[in-house]
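Below: one structure, written as structure tokens.
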Amino acid sequence: MTDSNNIQTSRRMKERQRRSFIVLSDAYRKKNAWLKAAAMLMLALTATACARMGQPDGGWYDDTPPRIVHTSPKEKATGVNSRKVTISFDEFIKLEDAANKVVVSPPQLEMPDIRSKGKKILIDLKDSLKQNITYTIDFSDAISDNNEGNPMGNYTYSFSTGERIDTFEVAGNVLDASNLEPVKGILVGLYDDLSDTAFTTKPMMRVARTDSRGRFIIKGVAEGSYRIYALQDADGDYKHNQKSEMVAFTHNTYSPSCASDIRQDTIWRDELRIDSIMRVPYMHFRPDDIVLLAFTETQTDRYLLKTERKDEKKVTFYFSYGSDKLPAIEGLNFNADSAFIVEASPKNDTITYWLRDTMMVNMDTLEMKAEYLYTDSTGTLTSRTDTILALAKTSYEKRLKAQEKEFEKWQKIQEKAKKKGEPYDSIMPVKNMEVNITSSSALDPDKNVKLEVPTPLTRLDTAAVHLYMKYDTLWYRADCEVHPVEGTLRKFEVRAEWLPGTEYSLEIDSAAFEDIYGTVSAPLKRGIKVRSLDEYSSLIVNVTGAEDSTNLIVQLLNSSGNEVKRAKTENGMAEFYYVMPGKYYLSAFIDKNDNGKWDTGNYNDDLQPEEVFYDTKAIECKAKWDLTHNWNIRLLPLTQQKPGAITKQKPEEQKKLKNRNADRAREMGIEYKPKEKK
């Protein structure tokens with residue numbers, strides 16, 4: 001039994017050893033396989049690293065723009081009768097602001113459906129196709145790839161319903177006639193009908209839209225003679241039928257042509273150094289230098305915009321346009337005879353009726369009939385009568401309550417003062433009229449002090465207005481006169497011989513002014529310092545290039561482009577005195593009708609706006625300096641005249657390929673050769 005047990009025990013031990021060996025062998029094999037896999041992975045990584053030597057982590061960027069792979073109908077196809085167009089690309093794309101950037105020519109009276117979908121642009125023209133004509137769809141810079149935003153660049157698709165493609169182009173610029181600003185987004189169109197009525201009766205034949213520089217290119221133009229117009233189309237009918245639409249027109253006719261030409265392209269090594277200048281042949285289309293001066297006509301249609309009575313003392317009528325004949329008022333719940341003092345704006349488009357009688361002032365509602373001139377549907381001024389209910393913004397009851405609260409407040413203050421034994425008033429003082437001095441305390445020698453009162457006056461005691469000047473340490477009486485400002489009711493100016501570098505004191509006695517409600521002015525004192533001549537510069541401008549300089553008005557503009565001074569030329573010379581130190585610019589306009597202001601044009605009257613010019617140079621005026629500046633107003637084309645520093649319509653930055661791979665390769669010191677997309 002013992003030997004038998006020993007044998008069995010020995011067998012069990014051997015079996016356990018065998019199994020342990022198998023387990024260890026399996027573990028060894030697994031470990032060995034893992035080590036081999038790790039080694040192979042390391043070799044693969046090393047090989048990959050060697051293969052990518054010099055290549056940046058993450059690989060190269062996609063810097064290539066979308067590429068067209070197919071169009072239907074085929075681009076520049078002839079005999080097309082389909083109104084649906086499909087443009088396919090080699091990658092997903094996006095279409096930016098198609099409604100404003102994409103222009104279809106001939107213009108479509110019914111808005112076409114233009115959209116992007118995946119790798120395609122789908123176009124559905126709603127209008128019927130015209131026979132024997134070239135269609136162009138100008139995408140401008142609206143197309144870019146979906147992921148990286150790489151711009152495709154300006155692209156125009158075209159096809160023809162006839163047997164040939166028209167390829168001529170007409171180009172130029174549109175400027176605002178009043179200030180030579182580029183006009184962005186205005187339509188420019190051609191007509192082969194050379195009559196003056198075509199612009200108002202027919203839609204444009206071929207169109208383009210100006211970019212941020214005011215530049216336009218009309219493509220797909222056939223041979224022939226054309227007239228050209230610009231239109232800020234308000235109703236989408238591609239013709240001028242509203243006075244509110246900005247327009248530009250010329251009687252010139254244009255015949256498109258083209259010829260081979262050479263242009264110079266500059267290759268820059270970096271921002272400062274030129275690498276080379278290449279002579280590149282290209283097809284030069286003409287005309288490419290048309291300049292259209294756009295303007296908005298004066299809105300002469302007259303109608304009543306609104307009436308209001310914000311202040312219970314007055315009723316104001318607002319008209320779209322003025323008239324020499326003021327409205328006639330008939331009172332329905334009051335007697336309108338001698339009831340008003342009338343204050344009109346310079347253009348007579350805002351008329352204010354000041355109520356003389358305080359009984360009327362206290363009425364919450366004034367009922368009246370107003371007879372005035374308005375423009376009817378035929379454009380003729382005719383008489384019209386409206387019934388007006390002028391409601392005070394604050395009712396009489398509320399005004400009384402406010403007065404009571406104010407009196408109670410004053411009464412409490414006086415009672416407290418009485419109890420403390422301090423001075424007090426037994427009668428509440430009446431509020432005085434406030435006279436406002438609108439001029440600065442630092443005065444130019446060629447200016448006067450301006451005054452303004454809040455309500456119309458019945459009395460102005462000029463003897464109660466005193467002016468004193470300081471000499472050494474003593475004050476002396478100075479002569480002055482008070483005059484109403486022409487064309488105004490409540491503005492006055494104090495005129496005097498203002499000596500440079502002198503201090504003055506303007507003193508107005510109490511009750512010097514009295515308004516129509518019996519309110520008098522409080523005493524007023526204001527110190528005034530007239531600037532010294534050493535603080536100023538003077539500028540003499542010699543102007544050439546004008547056919548008749550007698551009607552030329554030169555404007556001195558500050559660094560924001562706003563007018564500071566103006567002078568009418570005499571013998572070709574404009575003189576500016578008392579100019580504060582600073583940077584200035586010059587503009588000018590030919591005042592044809594000699595009314596002292598720039599006048600717009602009128603299409604129906606065949607009237608162009610008055611000509612405007614700018615000097616490209618900035619003028620630096622310094623204290624104690626007398627400058628002379630020469631300016632030929634016609635030396636440069638209008639498109640090159642206005643200085644960029646005061647041009648408000650800034651050109652948008654052109655979309656460019658990012659070229660990040662070249663930048664990355666340059667940083668790593670390796671060569672990058674872009675590859676075409678497959």
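Okay, here's what the table says:
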item: Residues (assigned to a strand (DSSP E or B), open to solvent by less than 70 Å² (accessible area, probe 1.4 Å) and in contact with a helix residue (DSSP H, G or I) (Cβ under 9 Å, 6 or more places away or on another chain)) located in the range 561-573; result: Met573
item: Selection from the range 185-196 of residues that are buried (at least 18 other Cβ atoms within 10 Å of the Cβ), of a type in the set (A, V, I, L, M) and over 17 Å from Asn100 (Cβ atoms); result: Leu190
item: Selection from the range 105-122 of residues that are under 23 Å from Arg67 (Cβ atoms) and either surrounded by fewer than 19 Cβ atoms within 10 Å (Cβ to Cβ) or over 34 Å from the mean Cα position of the chain (by Cα) (or both); result: Arg115, Lys117, Gly118, Lys119, Lys120, Leu122
item: Close pairs from the range 114-130: first free of Cβ contacts under 8 Å to residues at least 60 places away in the same chain, partner acidic (Asp, Glu), Cβ under 6 Å, at least 6 apart; result: Asp124/Asp113; Lys126/Glu110; Asp127/Glu110
item: Pick from the range 626-640, criterion β-branched (Val, Ile, Thr) and more than 23 Å from the chain's Cα centre (by Cα), ranking: most open to solvent (accessible area, probe 1.4 Å); result: Thr628
item: Residue within the range 404-425 that is closer than 27 Å to Leu457 by Cβ, in contact with an Asp or Glu (Cβ under 9 Å, 6 or more places away or on another chain) and either outside any loop (DSSP other than H, G, I, E, B) or of a type in the set (A, V, I, L, M) (or both) present; result: no
item: Among (1) under 34 Å from the mean Cα position of the chain (by Cα); (2) more than 30 Å from Lys325 (Cα to Cα); (3) not aliphatic (A, V, I, L, M) - the single one Ser257 does not satisfy; result: (1)
item: Residue match in the range 166-183 (condition: without any contact (Cβ under 8 Å) to a residue 40 or more places away in the chain, closer than 19 Å to Gly236 by Cβ and either in contact with a Leu (Cβ under 6 Å, 6 or more places away or on another chain) or open to solvent by less than 40 Å² (accessible area, probe 1.4 Å) (or both)); result: no
item: Leu304 vs. criteria open to solvent by 70 Å² or more (accessible area, probe 1.4 Å) and either modelled with pLDDT of 95 or more or within 30 Å of Ala230 (Cα to Cα) (or both); result: no
item: In the range 219-236, residue farthest from the chain's Cα centre (by Cα) [restricted to those that are under 22 Å from Gln649 (Cα atoms) and buried (at least 19 other Cβ atoms within 10 Å of the Cβ)]; result: Tyr229
item: Residue in the range 468-491 that is open to solvent by less than 40 Å² (accessible area, probe 1.4 Å), in a strand (DSSP E or B) and in contact (Cβ under 8 Å) with a residue 40 or more places away in the chain present; result: no
item: Yes/no for Asn147 being more than 27 Å from the chain's Cα centre (by Cα) and open to solvent by 30 Å² or more (accessible area, probe 1.4 Å); result: yes
item: Residues (open to solvent by 90 Å² or more (accessible area, probe 1.4 Å) and either closer than 20 Å to Thr544 by Cα or free of Cβ contacts under 8 Å to residues at least 12 places away in the same chain (or both)) located in the range 594-625; result: Lys597, Asn604, Asp605, Lys617
item: The range 431-455: number of residues that are closer than 19 Å to Val564 by Cβ and among the charged types (D, E, K, R); result: 4
item: Residue within the range 324-338 that is outside any loop (DSSP other than H, G, I, E, B), open to solvent by less than 50 Å² (accessible area, probe 1.4 Å) and in contact (Cβ under 8 Å) with a residue 60 or more places away in the chain present; result: no
item: Flag for Gln555 being buried (at least 16 other Cβ atoms within 10 Å of the Cβ), part of a loop (DSSP other than H, G, I, E, B) and touching a residue at least 24 places away in the same chain (Cβ under 8 Å); result: no
item: Selection within the range 426-448 - loosely packed, with under 15 Cβ neighbours inside 10 Å, in a strand (DSSP E or B) and of a type in the set (A, V, I, L, M); result: Ala442
item: Any chance Ala588 is crowded, with 16+ Cβ neighbours inside 10 Å, under 37 Å from the mean Cα position of the chain (by Cα), in contact (Cβ under 8 Å) with a residue 12 or more places away in the chain and assigned to a loop (DSSP other than H, G, I, E, B); result: no
item: Qualifying residues in the range 368-399 (those that are small (Gly, Ala, Ser) and in a strand (DSSP E or B)) - the one surrounded by the fewest Cβ atoms within 10 Å (Cβ to Cβ); result: Ser383
item: Qualifying residue in the range 197-207 (condition: farther than 26 Å from Val85 by Cα, open to solvent by less than 40 Å² (accessible area, probe 1.4 Å) and modelled with pLDDT of 95 or more); result: yes
item: Residues being aliphatic (A, V, I, L, M) and farther than 21 Å from Asp90 by Cβ - total across the range 131-168; result: 2
item: Residue satisfying condition, being surrounded by 11 or more Cβ atoms within 10 Å (Cβ to Cβ), more than 43 Å from the chain's Cα centre (by Cα), at negative phi and without any contact (Cβ under 8 Å) to a residue 60 or more places away in the chain, within set Leu460, Leu451; result: Leu460
item: Search result, residues across the range 515-548 that are in a strand (DSSP E or B) and under 21 Å from Lys450 (Cβ atoms); result: Asp515, Val520, Ser521, Leu524, Lys525, Arg526, Gly527, Ile528, Lys529, Val530
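Condition check ((1) outside any strand (DSSP E or B); (2) of a type outside the set (Val, Ile, Thr); (3) within 26 Å of Thr210 (Cβ to Cβ)) across all residues:
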{"position": "Ile262", "(1), (2), (3)": "no, no, no"}
{"position": "Leu272", "(1), (2), (3)": "yes, yes, no"}
{"position": "Ile277", "(1), (2), (3)": "no, no, no"}
{"position": "Pro281", "(1), (2), (3)": "no, yes, no"}
{"position": "Asp288", "(1), (2), (3)": "yes, yes, yes"}
{"position": "Leu292", "(1), (2), (3)": "no, yes, yes"}
{"position": "Gln299", "(1), (2), (3)": "yes, yes, yes"}
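The values are calculated or read from the model by the stated rules, or taken from the named source; none is laboratory data. These figures come from a predicted structure and were not determined experimentally. A quick note on method: Cβ atoms are made from the backbone with ideal geometry, for glycine too, and the neighbour counts reach across all protein chains shown. To get the accessible areas, we keep the full protein, side chains included, count just its heavy atoms, and leave off ligands, DNA and RNA. Shrake-Rupley method; radii C 1.70, N 1.55, O 1.52, S 1.80 Å.
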